[in-house]
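The values are calculated or read from the model by the stated rules, or taken from the named source; none is laboratory data. As the structure is a computational prediction, the values presented were derived from the model and not from experiment. Heads up, the Cβs are rebuilt from the backbone with ideal geometry, glycines too, and the neighbour counts pull from every protein chain shown. We work out accessible area using only protein heavy atoms, side chains counted, and drop any ligands, DNA or RNA first. Shrake-Rupley method; radii C 1.70, N 1.55, O 1.52, S 1.80 Å.
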Amino acid sequence: MKKMLFTYNPSSGKGAVKQALSDILSIFTSKGHDVMVHPTAFPGDSLEFITQRGGDFDIIVSSGGDGMLHELVYGVCAGNLSCPCGYIPSGTVNDFASSLRIPKDIRKAAEMIMQENYLPVDIGRFNGGYFAYISAFGWFTNVSYSTSQRSKSLLGPLAYFLTCLRSFEPKYLRQNSGRVRAEWDHGVIEDEFIYCMAGNTHTVGGMKNIVPDGASLTDGKLDCLFVRVPRNLSDLDAINRFVMTHDCDTDMIVSFKTSSLSVSCEKPFRWTLDGENGGEYTSADITVLPGAVRIAVPPEK
């Protein structure tokens, strides 16, 4: 009998996991798993538990929003664990699940995990820590963690949209842009930027257009995208076209792939890691850990 740790956020998705808990556990136990259930009590609870106790289990499954995914991946990497993982998305957007075609239906996701089809995915290392799919700072990157849980529960994705509206205010734009120097495997650039990201994902905040072309979770590279600060209406129009249609035919957008990235800024910027508040930094060293975590995904058709 395999030992499973199942950790979940009781508040995520209007308590959807809590309501479906009996069904989820029945799916796991019917396949011969001895399940320890750990509902989280505070932010970082799952990370702490997985880091300290994860070595006792044959598989670790987490359910919640992207914050729970972040804690799952961070805990597995920090604990130097080799066991496979599963993720049942129940958050508002779930970018990582979308990238890997993990079902949004809770029961179907649990059934998929039991098929034991594991994909080694790339993980990011950020200033000594870890992230699952994105590290970023600048324009609208604080939306996911600055939107209240109550608003998410009541309004769903609309809550993110309403919070995002303030990111177009001139004062907000000034606060979240500045001079940045970036060095990577085959290049260096220094300029005024309004948005900077490095990660492995096909969507950000549910949007596909602001992800670099050819983005992959399994190529051993970070997909990076930097947006320059607009100086005039023409620059604004170019950025708007990029966001709306992914028109990259503009020098306002800088994108590239790299195995490592060093970023230095003239002022502290608040980074988001997997949609969570990652802290303020004037510099960041980001690298990729190829295939560092094995996660359950749907079998190829």
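Filter region 69-97 down to the residues that are open to solvent by 10 Å² or more (accessible area, probe 1.4 Å) and part of a helix (DSSP H, G or I) and list them by number. Hits for region 69-97 are 70, 71, 74, 77, 78. Could you please let me know if residue 18 is touching a strand residue (DSSP E or B) at 6+ places or on another chain (Cβ under 6 Å) and either of a type in the set (Val, Ile, Thr) or open to solvent by 40 Å² or more (accessible area, probe 1.4 Å) (or both)? Spelling it out, it is not the case that residue 18 is touching a strand residue (DSSP E or B) at 6+ places or on another chain (Cβ under 6 Å) and either of a type in the set (Val, Ile, Thr) or open to solvent by 40 Å² or more (accessible area, probe 1.4 Å) (or both). Checked against the criterion of being within 18 Å of residue 292 (Cβ to Cβ) and of a type in the set (S, T, N, Q), region 17-30 has no qualifying residue.
Selection of first residues in region 54-73 that are within 15 Å of residue 16 (Cβ to Cβ) and of second residues that are part of a strand (DSSP E or B) and of a type in the set (A, V, I, L, M), restricted to Cβ pairs under 7 Å at least 6 apart or on distinct chains, gives the following pairs, ordered by first then second residue: 63/88. Within region 252-283, restricting attention to residues that are farther than 27 Å from residue 241 by Cα and charged (D, E, K, R), which residue is least open to solvent (accessible area, probe 1.4 Å)? Top of the filtered list is 267. Candidates are the residues of region 91-128 that are in contact with a helix residue (DSSP H, G or I) (Cβ under 7 Å, 6 or more places away or on another chain) and small (Gly, Ala, Ser); the one that is farthest from residue 259 (Cα to Cα) is 110. In this structure, is residue 223 within 18 Å of residue 99 (Cα to Cα), in contact with a Gly (Cβ under 8 Å, 6 or more places away or on another chain) and among the acidic types (Asp, Glu)? Considered against the rule, which asks whether it is within 18 Å of residue 99 (Cα to Cα), in contact with a Gly (Cβ under 8 Å, 6 or more places away or on another chain) and among the acidic types (Asp, Glu), residue 223 comes out as yes.
Just to check your reading of the model, which residue among 53, 101, 107 is under 22 Å from residue 27 (Cα atoms), open to solvent by 10 Å² or more (accessible area, probe 1.4 Å) and part of a helix (DSSP H, G or I)?
Working: 53 fails: under 22 Å from residue 27 (Cα atoms); 101 fails: part of a helix (DSSP H, G or I).
Selected residue: 107, the only one of 53, 101, 107 that is under 22 Å from residue 27 (Cα atoms), open to solvent by 10 Å² or more (accessible area, probe 1.4 Å) and part of a helix (DSSP H, G or I).
All conditions but one from (1) in a loop (DSSP other than H, G, I, E, B); (2) within 19 Å of the chain's Cα centre (by Cα); (3) of a type in the set (A, V, I, L, M, F, W, C) apply to residue 248; the one that does not is (2).
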